[in-house]
Amino acid sequence: MADAATNHLLAEQQACLALWAIPGLGPRTLAGLRVFAQGDLGALALGPVSAWLAGAPVPASVRERLARVDSLPLLAERLWGACQSSGTRVAFAGEPAYPERLREVADAPPLLFYRGEPGPPRRRVAMVGSRHPDQGFLPFARTFARRVAEAGVGVVSGAAAGVDRACHWGALDADGETWAFLGSALDALDPAQARLLPHFLGRGGVFFSELPPGVRASTTTFPRRNRLIAGASDAVLVLRAGLSSGSLYTVEAGRTQGRPVLALPGDVWQEAAAGCNALLRDGRAQACTSPEDVWRAVGIHPGRAVPPGEDASWWEALSTEARGAYRLLGKVPRSFDDVLAGGQLSVAALTSALVELELSGLVVQHPGKLYEKV
């Protein structure tokens, strides 16, 4: 039975990977193919493509491209080989490396290509902005992102020149988590992204892309990529955007996905801030003037979690069990079982202590019973 289940999963992943690599075949067409295959996409990998292509619900252009493919498993093996040669891995939806919040998005990709080590669930904010902000703004953006990340919030952006890259560096300055979603395949980086990659990999960052090996960036891939930046995040913050800035695609994606959208106000004479100011004027974004605004938007309150000794009143108000549990937690989420094994509390006592800490705003519980100091 185990072998049969393993073989079925392999066939499903082979079909998904191979089909996703066909130009023009997006999430909706893939969903239609799954219905066509009676819910079992792997069935399409069990024989030649020509055996089922005639009746497949795909656009004519996709049908023409699929006609050139003999076997989905063979195409999948070539893709896996290309990934291996570039150090790229594949995360299918539902696997730990696939961003959990992204799965909620209607047109989320069925898989992502990635380099790095995605961390456990945490609160994350998309921080985006212009490639060419006003003079002197980039150091501010870097410092702002560092302060956001110091509270344990992950920073998500697009690795583009300007504000995006400054925000990534700010998160790295704080030894925080940062993710970059690219508009090209991970083996088709531009020179600046290639220089940035080692810093990411060496300090806990991750590069993601929905594009299969060999696909270069284009004017169409960037707007599509922006929905992933918003979708993987709990909120979207645009720091600088002109009226025609590409960052506004991320804002609109966030609004469509139901994410809180924040914008940093700018002076009315700054063209680089005109897009932010328009969002605020039209009520399409909340004003953000400090990292505290970001923390509130993603649902954490780090200002209340001061170390014991700096302000002992909150510490003294906690039960002995809550104090013990608090000492076992950190800025990296830990499972209930890990916390239990690290202390001397019973299951019931630890459960009560964690509830107390959550209600006090000192700890946040992530999906999967993972706990983290805020």
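General remarks:
- At a probe radius of 1.4 angstrom, the accessible area of segment 121-171 per residue rounds to 33 square angstrom.
- Neighbourhood net charge (10 Å Cβ-Cβ; Lys/Arg +1, Asp/Glu -1) for residue 107: +3
- Carbon and sulfur %, accessible surface of segment 1-119 computed with the full protein complex present, 1.4 Å: 55
- Protein-only accessible surface order, largest first, of 366, 199 at 1.4 Å: 199, 366
- Subtracting the Cα-Cα distance of residue 289 and residue 315 from their residue separation scaled by 0.36 nm leaves 6.4 nm.
- Only helices enter the 222 nm calculation for the chain: every DSSP H run of n ≥ 4 contributes -39,500 (n - 2.57), and dividing by all residues gives -12500 deg cm²/dmol, rounded to 500.
- Antiparallel content of DSSP bridges confined to the chain, in %, to 5: 40
The values are calculated or read from the model by the stated rules, or taken from the named source; none is laboratory data. Given the structure is predicted, the values throughout are model-derived calculations rather than measurements. Glycine gets a Cβ as well: all are built from the backbone with ideal geometry, and neighbour counts include every protein chain shown. Only protein heavy atoms, including side chains, enter the accessible area calculation; ligands, DNA and RNA are left aside. Shrake-Rupley method; radii C 1.70, N 1.55, O 1.52, S 1.80 Å.
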